[in-house]
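Below is one structure, written out as C-alpha cells; the observations come after it.
The values are calculated or read from the model by the stated rules, or taken from the named source; none is laboratory data. Everything numeric here is computed off the predicted structure, so don't read it as measured data. Cβ: placed from backbone, ideal geometry, glycine included. Neighbour counts: every protein chain shown.
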Amino acid sequence: MKQDSILITGASSGIGRGLALALARPGRTLHLGGRNARNLHDVAARCIARGAEARVRVQDVREQAGMDEWITAAGPLDLVFACAGITASTQGGEDAPHEPDAQIRRMFATNVDGVINTVLPALAVMRGQPRDRDGVRGRICAMSSVAGLVSFPGTPSYCASKAAVDRFMVATGGNMARAGILLSSVCCGFVATPMTAHNTFPMPGLTQTGDAVRAILSGVARGRPRISFPWWLAAGSRFMDLLPIRVARSCYFRQPAGQAGTMPETGLEPSGAPTA
Ligand SMILES: NC(=O)c1ccc[n+]([C@@H]2O[C@H](COP(=O)([O-])OP(=O)(O)OC[C@H]3O[C@@H](n4cnc5c(N)ncnc54)[C@H](OP(=O)(O)O)[C@@H]3O)[C@@H](O)[C@H]2O)c1
C-alpha cells in the first residue's frame, strides 16, 4: 500500500492521533487536522521525532471552504482518514426525553457534513493521480461506528450520523473502486480514547487505541469496504436491528448506557478545551 502522503482529520486526539503516530516514518508526509492547536502540535512533534514530515492545519471539519482549500493544497494524497467526530447522549427524564436541538444539529454537521467535506475534495484530488502498480489511486477511510448499525434510544443523532457515514462510504465506494479509489467505513465498538474515558457504564469489548489502529490499517491495506470490530459486537448489533422494534427497544431501555449522566458532554468543544 502506497502511503507517502497521508491526511488525517481528528488527528489531535484518540484514534486519529493513534493513526498519525503509527504511520509516522521517514519519507512520509502527514497532514494533521483538528481544532486544538496545542494537541495537534504535540502530535506533529511526535511524528517528526519518528522521522516523518508533519504539517498541522487548525481546521474545523464543518467549514466546507476551508476543508476544500486544505485538502486540495495538500495533494497528492495516498491515504485520507476522516476521524473527526463527536458524540453525546440524551439526558433522560420525562422533561427532556430527546436531545437538545443544537446538539442534534452539531452532531450531523460534524459527523456527516465533516466527513463529506473531507471525502469529496479527497476524491477530486485522487481522481487526478496516476494508479500505482496495484491499480489504486488512493484510499479514503471514515469512522462510522457499531452505533450506526442500531437505533439506540440513548444516542439517537450519533446512531443516525454514523449510519449515514457508513452507507455513504460503502455505497460511494462501490462506484469509486472501478476508478481506483478504495473507500472504507470503520464500524467499531468502544475504543479507549478521550471520547469514552468518562463513560460511567460498562463498555463490552472495549478495545485499546493501538489495537484499533492496527485493525483499521490492516483493513484499509486489504481494501475492505467495511472494517468491523469486535466482530461479535458488530454481529450482535446487526441482529438487534433485525428484531421487531418493540422487542429491540425493550432490550435497549434495560441497558445502562445512555441513561442520564452516564455519558459526558465530550467532543462538543475542541479536545482539551474547557467545555463550560
Ligand atoms: N472511541 C470510541 O469508542 C469510538 C467508537 C466508534 C467510533 N468512534 C469514532 O471515531 C472517531 C474518533 O473518535 P475518538 O474516540 O478518537 O474521539 P476523540 O479522542 O474525542 O477525538 C475526536 C477528534 O475529533 C476532532 N473533532 C471533533 N470535532 C471537530 C470539528 N468540528 N472539526 C475538526 N475536528 C473535530 C477532535 O479534535 P479537536 O478537539 O482538536 O477539534 C479530535 O481530534 C469519531 O468519529 C468517533 O465517533 C469512536
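For VAL186, state whether it is surrounded by 13 or more Cβ atoms within 10 Å (Cβ to Cβ), part of a strand (DSSP E or B) and within 15 Å of the ligand (Cβ to nearest atom). Here the answer is yes, as VAL186 does meet what is asked.
When you look at GLY33, is it surrounded by 16 or more Cβ atoms within 10 Å (Cβ to Cβ), near the ligand (Cβ under 9 Å from one of its atoms), not in a strand (DSSP E or B) and not β-branched (Val, Ile, Thr), yes or no?
Details: surrounded by 16 or more Cβ atoms within 10 Å (Cβ to Cβ): yes; near the ligand (Cβ under 9 Å from one of its atoms): yes; not in a strand (DSSP E or B): no; not β-branched (Val, Ile, Thr): yes.
When the stated conditions are applied, GLY33 does not pass them.
Sort out which residues of the stretch 10-25 are assigned to a loop (DSSP other than H, G, I, E, B) and within 13 Å of the ligand (Cβ to nearest atom), and write them in order of number. Result: GLY10, ALA11, SER12, SER13.
Quick grid of which residues meet (1) modelled with pLDDT under 95; (2) within 15 Å of the ligand (Cβ to nearest atom):
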position: ALA44; (1), (2): no, yes
position: GLN64; (1), (2): no, yes
position: GLU69; (1), (2): no, yes
position: THR72; (1), (2): no, no
position: ASP101; (1), (2): yes, no
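Restricting attention to the stretch 36-54, the residues being over 13 Å from LEU7 (Cβ atoms) and in a strand (DSSP E or B) number 0. Within the stretch 187-199, how many residues turn out to be at pLDDT 95 or above and more than 21 Å from ALA142 (Cβ to Cβ)? Count: 0. Cβ separations smaller than 9 Å between residues 6+ apart or across chains give the following pairs from the stretch 85-107 residues that are more than 17 Å from SER145 (Cα to Cα) to residues that are at pLDDT below 85 and of a type in the set (Val, Ile, Thr): GLY92/THR262; ALA96/THR90; PRO97/THR90; HIS98/THR90; GLU99/THR90. Residues that are among the aliphatic types (A, V, I, L, M), out of contact with any Ser or Thr (no Cβ under 6 Å at 6 or more places or on another chain) and closer than 23 Å to ALA44 by Cβ number at least 2 in the following helices (runs of 4 or more DSSP H) confined to the stretch 55-165: 64-74, 114-127.
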